[in-house]
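Just so it is clear, none of the values below were taken in a lab; they were calculated from the coordinates. Because the structure is a prediction, the values reported are computed rather than measured. When we count neighbours, we look across all protein chains shown, and the Cβ atoms used for this are built from the backbone with ideal geometry, even at glycine.
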Amino acid sequence: MSKARVRLSGGAAWQTDFRRRTTGRPVRTAMEIATVRRDLNHTLTELQRAIDKHAVAKAADLYALAWQQAAQAPPSETREQRARLAAFKEILGSRRWREEERSQAAIPAASPTPKPHKRTVPRGRPAVQPVPARPAVVWSSEPAPCPESLATPTPARRSGAHATPPVAEQPRPSSHTAGPALLEAGRLWEIATGLRPLLEATARSGAVTSWPAMRKLLPGLSRLHRDDESVILWLVDEDRQPDEPLLSALVTVGNREMHPRFPAISEQLGLPTSRDVVQQRTVWSYEVLKVHQHWRYR
């Protein structure tokens, strides 16, 4: 069990990066947060207009820009805006919108209007150059020497084998495939906003889940970097109310076991855990019980 934990947690390197990505953000003043919300509201207004006009390309750009702007403020300050973005996501992912996107992509781009042809005056013919004298043709049974400009060098041959030009060696595929690339902050917030309702439904049913199970329920959720998964779970719980338990406790590994990164995530969210594995599992089990009781009748 301990070996599996060490392998999944990846040591202390990821914890340093996790703290940097979660608590290393610049602290914004009330005026800066108000500016972010103003810009975000303006982007949402423009996004609504683009959707009404069925401007597919413009709507996609505004949707990505809105998530980048939302990531510049604490989650508690952009709940309303992110809820509107979640509604826009359903529209942009609907069947009608995809058909509109395909139809606009099938329309060829408008060709520029041809400019009127200008009548040009022909230039005067250049002076006739004297034709060089044609060399006399001499018939001979011997082959004519090849000019140096047209001669091609003959590759040297080794005895018993034909020399071939060197071929660049192709890189062999590595047996250890690289993991998914880290996502930008806007994309992480988008995934966390869509993941929270799923975890709330899991809590109401009194169950736990895992990342493979969530990918099956959310078709648009692709395989993520393990460090991004930790940041997303932190974002989900950072948006909680002060009296709510941690929904990230419901994400397990293996046979419904505690996720090895839960202690670090809970510590960053204000729920310290011990370094002892047994005490960590005790804190985790109690947190799962609180989550189920909190969301049972909500």
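A few notes on this one:
- Calculated FRET value between Val277 and Leu221, using beta carbons and R₀ = 35 Å, to 0.05: 0.75
- Efficiency of FRET from Cβ geometry, Glu184 and Arg256, R₀ 41 Å, rounded to 0.05: 0.80
- If you take all other residues with their beta carbon under 14 Å from the beta carbon of Asp39, and give Lys and Arg +1 and Asp and Glu -1, the sum is 0.
- FRET efficiency for the pair Gln68 and Glu244, taken as 1/(1 + (r/R0)^6) with r the Cβ-Cβ distance and R0 = 25 Å, rounds to 0.40.
- Label sites at Ala60 and Ala87, each approximated as a point 7 angstrom past Cα along Cα to Cβ, lie 2.4 nm apart.
- For segment 48-107, with +1 on Lys and Arg beta carbons and -1 on Asp and Glu, the positive-most of Ala57, Ile91, Ala73 along the dipole: Ile91
- Evaluated with a Cβ-only charge set (Lys, Arg +1; Asp, Glu -1), segment 167-298 carries a dipole of roughly 500 debye about its Cα centre, given to the nearest 20.
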